[in-house]
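K.L.:
So that we are looking at the same thing, I have put the structure below in structure tokens.
The values are calculated or read from the model by the stated rules, or taken from the named source; none is laboratory data. Since we're looking at a predicted model, the values are computed, not measured. Here the Cβ positions follow ideal geometry from the backbone for every residue, glycine too, while neighbour counts run over all protein chains shown. Keep in mind that these areas ignore ligands, DNA and RNA; they rest on the heavy atoms of the full protein, side chains included. Shrake-Rupley method; radii C 1.70, N 1.55, O 1.52, S 1.80 Å.
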Amino acid sequence: MRTDRRQFLLGSTALAASVLGPTRAFAQSGDSHAAVLLDRIAETYLADYPESATALGIDKDQRAPLKHRLKDATPAGQAKIAAHLRQALADVAKLDLNALSPVMRTNVEVVQASYGNALQGFAFPYGDVATGNWRNSPYVVVQNVGAFLDVPRMLDTDHQVKTQDDAEAYLDRLESYAEALDGETERLKIAAGQGVIAPDFLLDKALKQIRLARSGNTAGWGLVTSLANRTAGMDGDYGERAWLLANDKIAPALDRQIAELERHRARATSDAGVWKFRDGDAYYAWALSAGTTTRMTPDEVHKMGLDQLAAIQAEMDSILKKEGYSQGSVGARMAALAKDPRFAFAEGDPGRAEILKFLNERITDIRNRMPQAFHTLVKGNVEVRRLPPEEEPGAPGAYGGAGSIDGTIPGKFWINLRTTELHTRFSLPDLAYHEAIPGHVWQGEYANKLPLIRSVLSFNAYSEGWALYAEQLADELGVYADNPAEKLGYLQSLGFRACRLVVDTGLHAKRWTRQQAIDWFVNANGSSVEEVSGEVDRYCSWPGQACGYKVGHSEINRLRDRARAALGPRYDFRAFNDAVVLGGNVPMTVLGSVIDRHIAERKG
């Protein structure tokens, strides 16, 4: 009965898309025609990625059927997404770009870049391709990739349950979750047949996490209790029905995925990089291009990291000497600073509570400084949350993003608190500026005001380059004026991202081992082995992604220098920042055009 209703809802989604985006050609102006086409492309995207509609808070009214569905993770579902991308590009190619306004042309170029990049990824017969997003991976399921991580978190934090239909939608998604797991398991089998198997150390983490997700009485799973608690007093026995789905469908699907991952583990090696694949060099070239939106080679990226690290550490050396740390390398001195009990948080839950309080205080302070950096302001609606414990072993130290378009779902700053030793008092402020304000959450709120297609598509180099630029803005607004240790934390963060350029290319192009990468990183930047180990594992599963940060940051600063030189006395710090963030999330090549328009407008 439920499956029949879900088929009806799936058909309703297609109908809604056709209503919202008619396919016939209109005799309209260039921009109007392009806008109709881009709206239709956006609706198709949301039909392929229903979770995006939920995250944006637009899974209602004509899009309500989307709330009942998840992305189709089967091989056939992935092929269907790729076909939609090809059709969208073919439709966009028929537009006369010269007939479009500069803003509309940017919108079109964003679609062309995003979809073209994703199609290149889909050409590889394995892995997980992030259309309009940043998480490309050669592995369908690993320690930081897979439905077993994504779906429970999305259902608990993004899927709103206010009505019985919301609760029914949740149940439909539980059924889809089991199907997603099986779809991924099928793709894992295909990948294994091609010799694409994650390194043993990543599979060990993934198996530990997925077994944790599978463990315990299904009645006590967060998937079940989240719905039960939110439907208390509502007719429908939703907690009981969620438990039945968890017990009868999800648990067996998790068991099948665990069994397949165990078969992968039996064949796995410790080789860390994608160079080990038959087409590994080609895959990394694509992943690096996707992560940076440039054509930089691995050697160029590697050298850029070494050069920038040297420049950053020269500045750190001066501050460290003033603080009484004069002996040894910058990395060694930062490691010593991290062991200073003045900068440590308590262990266990008391320390976790301290960290959450500390972050909220810093976010409040920086929010009050935003009028100094922008003419155009957004709210900065953000919530600091601990990552789910089952996700923490394979996750980075933190990540964040904006909430729903209507503001009902706040942006999230997810902090990894598997141990309080991951964080110090001198490093956490910078992390808040990166993930929350004026970083990911802040920038995402501007993106939510753009046309729908621009709200759902993003580019890693812009997103992460902006977040590093946000760290720089905090420094320029004086947050470290009275605290040189925190300034060191900020500079170490920049050095950390420079190290990523070296390590990512080292692993995937220069055949570094995992241990070689960890040792180099610890010695170069003074970061802890605990933090760096998780970071290196992330680079192994998300090739190229870590390179977007410093490449994007460097390009934003290069464009700022260009604007300042071109405008002279007409240069306005706040106006430049507005131009970058209001122009939206774009490839680095398109960002140059955005700033060219800004310069021309300021010149009058």
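K.L.:
Considering only C-alpha atoms, what is the centroid distance from the stretch 261-310 to the stretch 169-210, in Å?
P.N.:
Centre-to-centre (Cα) distance: 22 Å.
K.L.:
Expressed in nm to one decimal, what extension gain is obtained for the pair Q372 and R278 from 0.36 nm per residue of sequence separation less their Cα-Cα distance?
P.N.:
Numbers: separation 94, 0.36 × 94 = 33.84 nm, distance 5.21 nm.
This chain segment gains 28.6 nm when fully extended.
K.L.:
With all protein chains present, how much of the accessible area of the stretch 558-604 (probe radius 1.4 Å) comes from carbon and sulfur, to the nearest whole percent? List each step's numbers first, then the result.
P.N.:
Working: 1070 of 2100 Å².
Of all accessible area on the stretch 558-604, carbon and sulfur atoms account for 51 percent.
K.L.:
Cα to Cα, under 15 Å, and not fewer than 8 places away if on the same chain: which aspartates and glutamates meet these conditions relative to K189?
P.N.:
Within the straight-line cut-off, K189 pairs with D128, D255, E260, E262.
K.L.:
Still on this structure: Return one whole number: the accessible area per residue of the stretch 489-572 in Å², for a 1.4 Å probe. Could the numbers behind the result be given before it?
P.N.:
On the way: 2490 Å² over 84 residues.
Result: 30 Å² of accessible area for each residue.
K.L.:
Among rounded, prolate and oblate, which fits the stretch 105-169 when a ≥ b ≥ c are the square roots of the eigenvalues of its C-alpha gyration tensor, a/c under 1.5 means rounded, and a/b larger than b/c means prolate?
P.N.:
Details: a/c = 3.22, a/b = 1.47, b/c = 2.19.
Oblate.
K.L.:
Mind running the shape call on the stretch 247-363? Use the C-alpha gyration tensor, a ≥ b ≥ c as the square roots of the eigenvalues: rounded below 1.5 for a/c, prolate if a/b tops b/c, oblate otherwise.
P.N.:
Taking the square roots of the gyration eigenvalues as a ≥ b ≥ c, the stretch 247-363 is oblate.
K.L.:
Let me ask another. Find the relative contact order for the stretch 284-439 and round it to a whole percent, using C-alpha pairs within less than 8 Å whose residues are 6+ positions apart. Provide the component values of the computation, followed by the final result.
P.N.:
Details: 147 pairs, mean separation 33.8, N = 156.
Relative contact order of the stretch 284-439: 22 percent.
K.L.:
Within the set K510/K550; K80/K449; K357/K412; K208/K510, which residue pairs have Cα atoms separated by over 22 Å? List each step's numbers first, then the result.
P.N.:
Values: K510/K550 20 Å; K80/K449 29 Å; K357/K412 15 Å; K208/K510 29 Å.
Among K510/K550; K80/K449; K357/K412; K208/K510, the Cα-Cα distance tops 22 Å for K80/K449; K208/K510.
K.L.:
Then there is this: Leaving ligands, DNA and RNA out of it, rank K339, K487 by accessible area with a 1.4 Å probe, largest first. It would help to have the intermediate numbers written out before the result.
P.N.:
Numbers: K339 165, K487 40 Å².
Largest accessible area first, the list is K339, K487.
K.L.:
Whole-Hz ³J(HN,Hα) for each residue in the stretch 282-291, computed from phi via Karplus 6.51 cos²θ - 1.76 cosθ + 1.60 with θ = phi - 60°, x for glycine and proline: what do you get?
P.N.:
5, 5, 5, 4, 5, 4, 5, 5, 5, x
K.L.:
Next up: Over every pair of different alpha-carbon atoms in the stretch 132-270, take the mean of 1/r and invert it; report that Kirkwood radius in Å. Write down the numbers at each step before the final one.
P.N.:
Values: mean 1/r = 0.0634 Å⁻¹.
Result for the stretch 132-270 stands at 15.8 Å.
K.L.:
Which of the three applies to the stretch 45-166, rounded, prolate or oblate, going by the alpha-carbon gyration tensor with a ≥ b ≥ c and a/c under 1.5 meaning rounded? Mind showing how you got there, number by number?
P.N.:
Working: a/c = 2.21, a/b = 1.31, b/c = 1.69.
Cα axes put the stretch 45-166 in the oblate bin.
K.L.:
In debye to the nearest 20, how big a dipole does the chain give about its Cα centre with +1 on each Lys and Arg Cβ and -1 on each Asp and Glu Cβ? The partial results should precede the final answer.
P.N.:
Details: 70 positive and 76 negative charges, 176 e Å.
That gives a dipole near 840 debye.
K.L.:
Quick one: Karplus J couplings for the stretch 507-512, per residue in order, coefficients 6.51, -1.76, 1.60, θ = phi - 60°, nearest Hz, x for Gly and Pro?
P.N.:
5, 9, 10, 10, 6, 5
K.L.:
Taking θ = phi - 60°, what integer Hz values does the Karplus form 6.51 cos²θ - 1.76 cosθ + 1.60 yield along the stretch 378-386, in sequence order, with x for Gly and Pro?
P.N.:
Per residue, the Karplus-derived 3J(HN,Hα) values read 10, 6, x, 7, 9, 10, 8, 10, 6 Hz.
K.L.:
Continuing with the same structure: Can you give me the convex hull volume of the Cα atoms of the chain, divided per residue and expressed in Å³? Each step should come with its number before you reach the end.
P.N.:
Working: hull volume 90.3 nm³, N = 604.
So the per-residue hull volume is 150 Å³.
K.L.:
On to the next question. Of the heavy-atom accessible surface of the stretch 124-253 (probe 1.4 angstrom), what whole percent is carbon and sulfur?
P.N.:
On the way: 2210 of 4500 Å².
The computed percentage sits at 49.
K.L.:
According to the Cα gyration tensor, what semi-axes, each the square root of 5 times an eigenvalue, does the equivalent ellipsoid of the stretch 464-591 have, listed from largest to smallest in whole Å? Spell out each step's value before the answer.
P.N.:
Working: eigenvalues 187, 72, 22 Å².
Whole-Å semi-axes of the equivalent ellipsoid: 31, 19, 11.
K.L.:
Determine, for each peptide in 570-579, 477-486, the mean count of other beta carbons within 10 angstrom over its residues, then list the peptides with the highest first.
P.N.:
Per-residue mean Cβ counts within 10 Å order the peptides as 570-579, 477-486.
K.L.:
Which of the peptides 101-112, 463-474 is most tightly packed, and how do the rest follow, going by the mean number of other Cβ atoms within 10 Å of each residue?
P.N.:
Descending packing order for the listed peptides: 463-474, 101-112.
K.L.:
List the relative contact order of the chain as a percent without decimals, with contacts defined as Cα pairs under 8 Å and 6+ residues apart. Can you show the working numbers first?
P.N.:
Details: 952 pairs, mean separation 100.4, N = 604.
Answer for the chain is 17 percent.
K.L.:
Can you list residues whose amide H is under 5 Å from G328's amide H, if they're 5+ apart or on another chain and H is modeled 1.01 Å from N?
P.N.:
Excluding prolines and chain starts, which carry no amide H, there are no hits.
K.L.:
Ok, one more. Give me the 1.4 Å probe accessible area per residue for the stretch 328-446, excluding ligands and nucleic acids, in Å². Write down the numbers at each step before the final one.
P.N.:
Details: 4480 Å² over 119 residues.
Averaged over the residues of the stretch 328-446, the accessible area is 38 Å².
K.L.:
Would you pull out the residues with amide H under 5 Å of V382's amide H, same chain only if 5 or more places away, H placed 1.01 Å from N?
P.N.:
It is G411, by chain and number.
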